[in-house]
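Participant: Sending over a structure as structure tokens; questions will come in a sec.
The values are calculated or read from the model by the stated rules, or taken from the named source; none is laboratory data. Fair warning: this is a prediction, and the values are worked out from it, not measured in the lab. A quick note on method: Cβ atoms are made from the backbone with ideal geometry, for glycine too, and the neighbour counts reach across all protein chains shown. When the accessible area is computed, the model is the full protein with side chains, heavy atoms only, and any ligands, DNA or RNA have been set aside. Shrake-Rupley method; radii C 1.70, N 1.55, O 1.52, S 1.80 Å.
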Amino acid sequence: SCTGPLDGGIRYRGLTQEQVKILPVDYEIEYICRGSRVIVGPKVRKCLPNGTWTDMNQLSRCLLVCPRSWMSLENGRVALLPPGQPVEGTVLHYSCHAGFLLEGFNISHCTKLGKWDSPKPFCVCEDTERPKKLYIGALFPMSGGWPGGQACLPAAQMALDLVNNRTDILPDYELELIHYDSMCDPGEATKLLYDLLYTEPIKIVLMPGCSSVSTLVAEAARMWNLIVFSYGSSSPALSNRQRFPTFFRTHPSATLHNPTRVRLFQKWGWTKIATIQQTTEVFTSTLDDLEERVKEAGIEISVRQSFLTDPAVAVKNLKRQDARIIVGLFYETEARKVFCEVFKEKLYGKKYVWFLIGWYADNWFKIKDPAINCTVENMTEAVEGHVTTEIVMLNPETVRGASNLTSQEFLAQLMSRLGGKNPEETGGFQEAPLAYDAVWALALALNKTVAPLRAKSWALEDFNYNNKEITAEIYRALNTSSFEGVSGHVVFDAQGSRMAWTLIEQLQGGSYKKIGYYDSTKGNLSWYGNDKWIGLGPPADQTKVIEEFRYLSQKLFVSVSVFAGLGILLGIVCLSFNIYNSSVRYIQNSQPYLNNMTAVGCVLALAAVFPLGIDGLHIQRSQFPVVCQFRLWLLGLGFSLAYGSMFTKIWWVHTVFTKKDEKKEKRKHLEPWKLYATVAVLLAIDVLSLLIWQIMDPLHITVEKFTKEAPKEDLDVLIQPLLEHCSSEKMNTWLGVVYGYKGLLLLLGIFLAYETKSISTEKINDHRAVGMAIYNVSVLCMITAPVTMILSSQQDASFAFASLAIIFSVYITLVVLFVPKIRRLITRGEWQSEQQDTLKTGSSTNNNDEEKSRQLERENRELQKIIQEKEERVTELRSQLAERQALRSRRRPSVQNQNQNHSVPSSQAEPPNYCPATDKQSLPPSFSNSSNLYQGEGKLSRNNCHNSRLPLLYK
């Protein structure tokens, strides 16, 4: 069974309307049409066992029949396509027999109204005096995506009438238009192109409409040596001369907007732009052309975004990458989606400018669109202030061109031809002047070829699809065309594209205002000066970055400089004191020349504080490397002198007093020149390393950039903090070498100071103070070096840490080394030189004490040797005594107990516990004085003998 259709126009045999819901198998239905319509397709359908109807793959339609009188032609032929009844979609092709000429259109279409779209032609006897006809094959899209033929076809026919009535243009010829409806569909256009090429008469030129059809026709036309002239194609891809060698167009390429955009970028001083495009071929080609043009103009496309249907992600990327000047390439429906996202992302206002295409409807942003969730108010706010560029398709000036019509007169005649139709509802009304000028450009070009062809014994009527010479002449004529048309000045570039003016408009207060024109042929910008901006003027193309150098705090610099100056003064005082009292024995015993070097090194190190604090605030940039050199040399030489002299002292003390006694005696006598030579070696190493550094890799100024900062005010600027540094190409390598060498010296100095902390010597009587100074300097240096490298980006902290470390090190060194000497000389009055103090008793007594001390030391060492010899002798005698006693006990065991108390002979040693009683008065004076200084008593006590035994051993 089958379910019966409920639509009208069907006859159910023998059944009522209520009985047609389920129909039995083999039941038949019949279609009927009302009025004068006829059935096209199956008239009767039968119910099949599978529940379907027969011939379901064919539609049954009721269509009006066009008059059959058009299907016959006296003295000619009529071809009906497709065969059958002349209903909607039927096409008639007319041709005349030999000796006759066709008057009228050679093709006619049956419309849905049951009428033919052109009058019935007729064949007339050929007359040699009549003008020869030249046929133009045209494709006008009357429907489809762009129904531009609705206005362009009447405009082209109006131009043909005027051309054919002119006696000065093609006087021996008459132009005739053979046209079809391409519906802006490449598939349909392919079939129509076949009809045009393989149906008489021969067409001398082809005129397609929209870009997709023009691409197809222009690519195929070169195989037939045909010129292709388009009035409604804007695709940039058609500007490819290698692919489309015979293509021309009066509609400018979409890339014609780009010279205008570049000119506006230059006018407003923008060098950085962003783009967002819908992913289609026409916009991609336009954007590629824009990229080349802005590159030539020195303008950068910083951000390039694209989208297919949803622009949300692309708009967010524009916001994230701080796009300001944005070129948008998309159709009107997508434009609403884009600006809804623009509103959400706040990508509008005084910081932003949008460039859009100018062929949108004037109220495009106010049209309610279910695809977006923004209100009209939101959209109006987001689009305010944007700039559009639009190709000028109607001459704004009142000029009579080649057709002897002004643009306003043309519009009036066109409106008359359209029969009062609303221009906004008529497809292609804006492009109608381009179609009008296209016919005039063809007519003028063909007229220009008549004389050159006649010189070659050719004529335009001799054209066929194999004649390249006539095609070449037409090409040259079109390529050099230049005339005033109703759309403006008509001229073509090397790619065959129209060069035209561009209208520049800006949305101000919700409506578009003309702000200028740009003539790309001459590069002239006509500016009205009424552009309006939300802010104070055109926004910046990017956030303006203001470079701001970070300088050292002057309060900190002054404070530290005061301490450094006082330290230098202290160093000079200490140096003067040391030089003035260099003849005093106490000062002499501290190696005053080394102390002088220490004081000079301290002064140099303190002097380095001043160049450390000098930056671009005080000197010019060109002088900065000199300051860098001063920093390096003052610190290097200051350290070598100050620390090197202290290191030399402590090294000598360690060398002398930590060796064996026999080596001590050899090194006991201090030779000052060796100390000075050690300091000189350390100084020479520093000077040599610094010279190599400065020759191979000199210091220069480098600028460190920090993260941009926003100012407190509401300004479209960012602060770029900068900091100047002294640096070189291999700075880290050189610092590693210097820090490594200095660090080893510091560690070695700490070790030597620790080893000699308990040693006392009159040759360098201040070596303990030197050790203390080395401890402090080493610790401060080892902490300061890495910390200052870490804090190098913080100028105040780095300077404070480094300079205060230098100051503390110097102060500690000067105070520890020199203040005790000053205090001793002041409190004890030891200000006289060696020659003067020999005249005074107090000083001579002090010298005698020192001489006695040295004499006692010598005696002490002699006595220790004697004691050691005697102890060895005592041990030997005791062993002999023990042997004799053992021998006697074996000989006389019976009387052993009686002989135990017998005295030992005087030639034998005393018993183990025997210690002769002797008083101290029997000791020599020198020995008695030294017995308490050395530890002979401790050695004798191991044998349980009192020191009263010493006189016997001595004797």
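Participant: Can you tell me which residue in the stretch 225-242 is farthest from MET183 (Cα to Cα), limited to those that are touching a Ser or Thr at 6+ places or on another chain (Cβ under 9 Å) and not small (Gly, Ala, Ser)?
Facilitator: Residue satisfying both the conditions and the ranking: ASN225.
Participant: Pick out the one residue from TRP354, TRP364, TRP359 that is open to solvent by less than 40 Å² (accessible area, probe 1.4 Å), closer than 15 Å to HIS257 by Cβ and assigned by the TED database to the domain that holds TYR518.
Facilitator: The unique qualifying residue is TRP354.
Participant: When the stretch 227-250 is examined, which residues are found to be part of a loop (DSSP other than H, G, I, E, B) and either over 25 Å from GLU390 (Cα atoms) or open to solvent by 20 Å² or more (accessible area, probe 1.4 Å) (or both)?
Facilitator: The answer is SER234, ASN240, ARG241, GLN242, ARG243, PHE244, PRO245, THR246.
Participant: Related question: For MET772, indicate whether it is in contact with a helix residue (DSSP H, G or I) (Cβ under 7 Å, 6 or more places away or on another chain) and assigned by the TED database to the domain that holds CYS574.
Facilitator: For MET772, the condition - in contact with a helix residue (DSSP H, G or I) (Cβ under 7 Å, 6 or more places away or on another chain) and assigned by the TED database to the domain that holds CYS574 - is met.
Participant: May I ask you to say which residue of GLY496, GLY535 is over 30 Å from GLU409 (Cβ atoms) and either in contact with a strand residue (DSSP E or B) (Cβ under 8 Å, 6 or more places away or on another chain) or of a type outside the set (Lys, Arg) (or both)?
Facilitator: Matching residue, one of GLY496, GLY535: GLY535.
Participant: Now for a different question. Examine the stretch 212-226 for a residue that is in contact with a Gly (Cβ under 9 Å, 6 or more places away or on another chain), among the charged types (D, E, K, R) and surrounded by fewer than 23 Cβ atoms within 10 Å (Cβ to Cβ), and state whether such a residue exists.
Facilitator: Checked against the condition, which is being in contact with a Gly (Cβ under 9 Å, 6 or more places away or on another chain), among the charged types (D, E, K, R) and surrounded by fewer than 23 Cβ atoms within 10 Å (Cβ to Cβ), the stretch 212-226 yields no hits at all.
Participant: Looking at SER576, SER553, SER559 in this structure, which one is free of Cβ contacts under 8 Å to residues at least 40 places away in the same chain, among the small types (Gly, Ala, Ser), under 30 Å from HIS700 (Cβ atoms) and surrounded by fewer than 19 Cβ atoms within 10 Å (Cβ to Cβ)?
Facilitator: So the residue among SER576, SER553, SER559 that is free of Cβ contacts under 8 Å to residues at least 40 places away in the same chain, among the small types (Gly, Ala, Ser), under 30 Å from HIS700 (Cβ atoms) and surrounded by fewer than 19 Cβ atoms within 10 Å (Cβ to Cβ) is SER559.
Participant: To continue, here is another question. So which residues in the stretch 195-210 are open to solvent by 40 Å² or more (accessible area, probe 1.4 Å) and at pLDDT 90 or above, if there are any at all?
Facilitator: ILE202
Participant: Write out, first by first residue and then by second, each pair whose Cβ atoms fall under 8 Å of each other, whose residues are 6+ apart or on separate chains, and whose first residue, in the stretch 614-631, is among the basic types (Lys, Arg) while the second is in a loop (DSSP other than H, G, I, E, B).
Facilitator: As it stands, the answer is ARG631/ALA608, since those pairs meet every condition given.
Participant: Let me ask something else. Has the stretch 389-408 got at least one residue that is within 30 Å of ALA159 (Cα to Cα), modelled with pLDDT of 90 or more, assigned to a helix (DSSP H, G or I) and open to solvent by less than 30 Å² (accessible area, probe 1.4 Å)?
Facilitator: Yes, there is a match, as at least one residue in the stretch 389-408 is within 30 Å of ALA159 (Cα to Cα), modelled with pLDDT of 90 or more, assigned to a helix (DSSP H, G or I) and open to solvent by less than 30 Å² (accessible area, probe 1.4 Å).
Participant: Oh, and also: Would you please list the contacts, defined by Cβ atoms under 6 Å and residues six or more apart or on different chains, that run from a residue in the stretch 523-536 that is charged (D, E, K, R) to a residue that is open to solvent by less than 40 Å² (accessible area, probe 1.4 Å)?
Facilitator: Note: pairs meeting the criteria are ASP531/GLN506; ASP531/ILE515; LYS532/GLN508.
Participant: Then there's this: Filter the stretch 409-437 down to residues that are touching a Pro at 6+ places or on another chain (Cβ under 8 Å) and open to solvent by 70 Å² or more (accessible area, probe 1.4 Å), then give me how many there are.
Facilitator: Total satisfying the criteria: 1.
Participant: Could you grab me the full set of residues in the stretch 438-453 that are under 13 Å from LEU170 (Cα atoms) and either outside any helix (DSSP H, G or I) or open to solvent by 10 Å² or more (accessible area, probe 1.4 Å) (or both)?
Facilitator: The answer is LEU444, ASN447, LYS448, VAL450, ALA451.
Participant: Are any of the residues in the stretch 497-515 assigned to a loop (DSSP other than H, G, I, E, B), over 30 Å from ARG222 (Cα atoms) and open to solvent by 20 Å² or more (accessible area, probe 1.4 Å)?
Facilitator: yes
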